[in-house]
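Remarks on the structure that follows.
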Protein chains: 2
Amino acid sequence: MEDIDRRIVGLLSSEGRSSFTDLARETGLSVSAVHQRVRRLERRGVIRGYTALVDHDALGLPLTAFISIKPIDPAAPDDAPERLAHLTAIEACHSVAGDESYILKVRVASPGELETLLQEIRTAAGVSTRTTVVLSTPFEHRPVAAAPGEPPAAEVS
Amino acid sequence: MEDIDRRIVGLLSSEGRSSFTDLARETGLSVSAVHQRVRRLERRGVIRGYTALVDHDALGLPLTAFISIKPIDPAAPDDAPERLAHLTAIEACHSVAGDESYILKVRVASPGELETLLQEIRTAAGVSTRTTVVLSTPFEHRPVAAAPGEPPAAEVS
DNA sequence: ATGCGCCGGTCGATGTCTTCCACGGGGCCA
DNA sequence: TGGCCCCGTGGAAGACATCGACCGGCGCAT
């Protein structure tokens, strides 16, 4: 039964617009059953939304980079995510263990824009930056696997 | 006109399952016009697919990490992506500039699984690894912005 | 054992959405 | 001016989403 939910998540993860009819066929359930399972997964937050996967080259944002940031003043409060949220070139922000405190993933149009963005990040968050430019992306956004381990079976209100 | 395409991509990027009716309302076009624009964006590869955004914690994969890899033998052919593709825990693989050659993004259930995965990566690709564990993710998969710069207006067959 | 309630399933009806087709207007060039 | 192409509109047909009613199995307490 939980298996079916995993299967549904996997299917939607690799084909986010597939119809309930398709999901029903692939899971062996009725359309209604699949429908209410998906709604439940959405309500529970297991499925947090849907998105189109985009070719950033075609959109004029061909330059991807990872920017690791480190606070200049270690005593300052660490609110970098809020300070950086308005910069729409930042696609993701991960708090990480290690020498640096966050890793950002950014998409820009050109090296010039990257330079500007780095300055904005430094001044907005009071951090130093270390940038790793992406040359190419063999794969990305691969669908979640059919999950080997035990699900946590946690309960929240 | 190109503006409208950007707008459509933005909308689908933040709400990947919105109906053509909704898109039509938000763009001021007719349903048919939006429909053929979306199809064209898909055919051209600007939209490469759709996916559900998933809560990996809820799926039993609460541990995210970035793994930077570097070939042990610099003379060996660099085919790491193909050698690693079968490892479904790897969600993304970026070729990068800098000291290391690739950055992988992985999702696993536990530190134990991460250890196993690291060994698999090392033996499968003949690389050394450097791992950065993600503590939390303030944001991720933010929709593409309304694009400031000039689109490339390239033409391909 | 029996009866009850809950969970999760099927079935069927209704309204919405997708998808396709025919048609029309504006820009461009001969 | 006429023809063509691109891109838009509108409408029709069928597929799909969505909701309610019903139903069967399971666990539990009587």
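Bear in mind that the values in this text are calculations on the coordinates, not laboratory data. Just so we're clear, the structure is a prediction, and the values are computed from it rather than from any experiment. Here the Cβ positions follow ideal geometry from the backbone for every residue, glycine too, while neighbour counts run over all protein chains shown.
Add +1 for every Lys or Arg and -1 for every Asp or Glu among the other residues with Cβ under 13 Å from the Cβ of B:GLY98, and state the total.
Numbers: positive: A:ARG130, B:LYS70, B:ARG130; negative: B:ASP99, B:GLU100.
Taking every other residue near B:GLY98 into account, the sum is +1.
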### Task
Apply the Kirkwood formula to chain A: the hydrodynamic radius equals the inverse of the mean of 1/r over all pairs of different alpha-carbon atoms; give it in Å with one decimal.
18.6
### Using alpha-carbon coordinates, inclination of helix A:31-44 to the longest axis of chain A, degrees
30
### Task
Shortest first and in nm with one decimal, please list how far the A:SER110 label point sits from its counterparts in the other copies (point 7 Å along Cα→Cβ).
5.2
### Message
Positive end of the dipole of chain B, charges at C-beta (+1 Lys, Arg; -1 Asp, Glu), about the Cα centre: which of B:LEU53, B:ILE121, B:ILE72 has its Cα farthest in that direction?
### Response
B:LEU53
## Note on the structure
Taking placed amide H atoms and a strict 5 Å upper bound, the residues 5 or more places from B:ARG48 or on another chain that come that close are A:LEU53, A:VAL54, A:ASP55
### Query
So which lysines can B:LYS70 reach, going by Cα to Cα under 21 Å and dropping same-chain residues fewer than 8 places off?
A:LYS105, B:LYS105
### Task
Could you please report the charge total around A:ARG130, scoring K, R as +1 and D, E as -1 over all other residues with beta-carbon less than 14 angstrom from its beta-carbon?
0
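Taking the Cα centre of the range A:56-133 as origin, sum charge times position over the Cβ atoms of Lys and Arg (+1) and Asp and Glu (-1), and report the length of that vector in debye to the nearest 20. Present the calculation step by step, with values, prior to reporting the outcome.
Working: 6 positive and 11 negative charges, 22 e Å.
For the range A:56-133, the charge dipole is close to 100 debye.
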## Note on the structure
homo-copy label distances at B:GLY45 (7 angstrom along Cα-Cβ), nm, one dp, ascending, are 3.8
### Summary
Counting all Cα-Cα pairs in the protein assembly as shown, those more than 37 Å apart amount in percent to 19
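Rounded if a/c is under 1.5, else prolate if a/b beats b/c, else oblate: with a ≥ b ≥ c from the C-alpha gyration tensor eigenvalues square-rooted, which is the range A:3-44?
On the way: a/c = 1.34, a/b = 1.06, b/c = 1.26.
It is rounded, given that a/c, with a ≥ b ≥ c, falls under 1.5.
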### Query
To the nearest 10 degrees, how steep is helix B:2-14 against the longest Cα principal axis of chain B, on a 0 to 90 scale?
50
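Tally Lys/Arg at +1 and Asp/Glu at -1 over every other residue whose Cβ is under 10 Å from the Cβ of B:LEU23; what's the total?
Numbers: positive: B:ARG7, B:ARG25, B:ARG37; negative: B:GLU15, B:ASP22, B:GLU26.
Residues near B:LEU23 contribute 0 overall.
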## Note on the structure
Taking the label point 7 Å from Cα along the Cα-Cβ vector, the copy-to-copy distances for B:THR88, listed from shortest in nm with one decimal, are 3.6
